[in-house]
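Down below is the structure, laid out as structure tokens.
Nothing in this text is a laboratory measurement; each read-out follows from the coordinates by a stated rule. Every value quoted in this text rests on a predicted model; they were computed, and no experiment measured them. A quick note on method: Cβ atoms are made from the backbone with ideal geometry, for glycine too, and the neighbour counts reach across all protein chains shown.
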Amino acid sequence: MFVGLSLAVAVGAEFLYHIKPCSLCVYLRYIYWGVLSISLALVAFPQKCLLRVLQFLAIISALGLSSFHAGVEQKWWQPPAFCQNSSANVGVDNPALTPQEKIARIRQNIQKSTLVRCDQISWRILGVSATIWNTLALAGLVVYLLIAFGVQRRCKTKP
């Protein structure tokens, strides 16, 4: 349920409020779609231990990526190259261009660019980055699943 709600909020923010996701946010959505698919399979096959393990591993990977993204936003470490490369310098290496033409071309490239930097906080909820909220929620989900797995395991071992 958490994953479905997270996807709905992310897609709603993008299309209703025009908050564009960065590359790391898009990758996190892919993981969420995977978790959602596994969760739906668990509804059909609730006794499949492999599906539970896959679901847990997918949620752990989402937590890892979200934690990494929070660190990038807080400037604790550098973002990956795909988060900071832009097309601003495309086509300006032509030696026939004058400096003014190069500047004009860079300006055009920047204005056409749709890159959203991963180290820029684009959405705050109650003054805190949405990425940090997501990381905290995922950490809570992991703790909940660990407790649920422990309780379930204890119930199976007792007569």
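Quick notes
- Simple spin-label estimate for TYR17 and LEU145 in nanometres, 7 Å along Cα-Cβ: 2.6
- For segment 1-80: rounded, prolate or oblate by the Cα gyration tensor [a/c cutoff 1.5]: oblate
- Per-residue packing, averaged as other Cβ atoms within 10 Å, sorts the ranges 14-21, 36-43 into the order 36-43, 14-21, beginning with the highest.
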